[in-house]
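A.B. asks: Quick one: the structure is below, and I'll ask about it shortly.
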Amino acid sequence: MKLNQFKARIYKEGLKSTRQREEILNTFLNLSGHKSLSQIFSQVVKADPKIGYTTVYRTLRLLTRLGLATQRKFADGETRYEPTSEGTHHDHLICLDCGKIIEFEDQTIEALQRGIAQRHRFKIFHHRMELYGQCETCRRKKRIAHR
């Protein structure tokens, strides 16, 4: 997503594209993975120490409302954010031990879901799949600890 898209969407909402909002957006887009508010804030203040926690929070809520960010709450209850990828969908594997989040795409699963919806004459607007378990690294650590 480019800054121009952000400016166009924010203008359409009747809001201003401020330097602080742009800095938060740029920082957010340059982070990888699913980041919490505090993780995003810690990166934003490195770029501009004058930007406050509340400004980051409000901007992330705005980005979510505009469809530019996706808000996720996994089993640990902490809210995380990721940039929205238009036209693509992914699901998540979440390790209950270390919190690692693995994104995956599987067209077979997507086709199965569409087929189920068609059979029940149901229109899907959105969905998410979160599979909770234990990652390979944590399983390996437990095997070593049990020896």
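The values are calculated or read from the model by the stated rules, or taken from the named source; none is laboratory data. Predicted model only: the values in this text are computed from it and were never measured. Cβ sites come from the backbone with ideal geometry, for glycine too, and all protein chains shown count toward neighbours.
A.B. asks: I'm told Arg140 meets every condition in (1) surrounded by 10 or more Cβ atoms within 10 Å (Cβ to Cβ); (2) closer than 29 Å to Tyr57 by Cβ except one. Can you identify the failing condition by its number?
C.D. replies: (2)
A.B. asks: Scan segment 76-99 and give yes if some residue there is closer than 28 Å to Thr64 by Cβ, assigned by TED's automatic domain parsing to the domain that holds Gly33, β-branched (Val, Ile, Thr) and modelled with pLDDT of 90 or more, otherwise no.
C.D. replies: yes
A.B. asks: In addition: Take the conditions at pLDDT 90 or above, exposed (fewer than 11 other Cβ atoms within 10 Å of the Cβ) and among the polar types (S, T, N, Q) and apply them to Thr54. Does it pass?
C.D. replies: Numbers: at pLDDT 90 or above: yes; exposed (fewer than 11 other Cβ atoms within 10 Å of the Cβ): yes; among the polar types (S, T, N, Q): yes.
Against the criterion (at pLDDT 90 or above, exposed (fewer than 11 other Cβ atoms within 10 Å of the Cβ) and among the polar types (S, T, N, Q)), Thr54 qualifies.
A.B. asks: Test Ala47 against the criterion of being closer than 21 Å to Leu15 by Cα, among the small types (Gly, Ala, Ser) and either touching a helix residue (DSSP H, G or I) at 6+ places or on another chain (Cβ under 7 Å) or surrounded by fewer than 14 Cβ atoms within 10 Å (Cβ to Cβ) (or both), and give yes or no.
C.D. replies: No.
A.B. asks: For segment 28-136, give me every one of the strands (runs of 3 or more DSSP E) that falls completely inside it and has 1 or more residues that are under 12 Å from the mean Cα position of the chain (by Cα). Walk me through it before giving the result.
C.D. replies: Working: elements: 69-73, 79-83, 91-95, 101-104, 130-133.
Of the strands (runs of 3 or more DSSP E) lying wholly inside segment 28-136, those with at least 1 residues that are under 12 Å from the mean Cα position of the chain (by Cα) span 69-73, 79-83, 91-95, 101-104.
A.B. asks: Residues of segment 8-25 being surrounded by 15 or more Cβ atoms within 10 Å (Cβ to Cβ) and modelled with pLDDT of 90 or more, which ones?
C.D. replies: Matches in segment 8-25: Gln20, Arg21, Glu22, Glu23, Ile24, Leu25.
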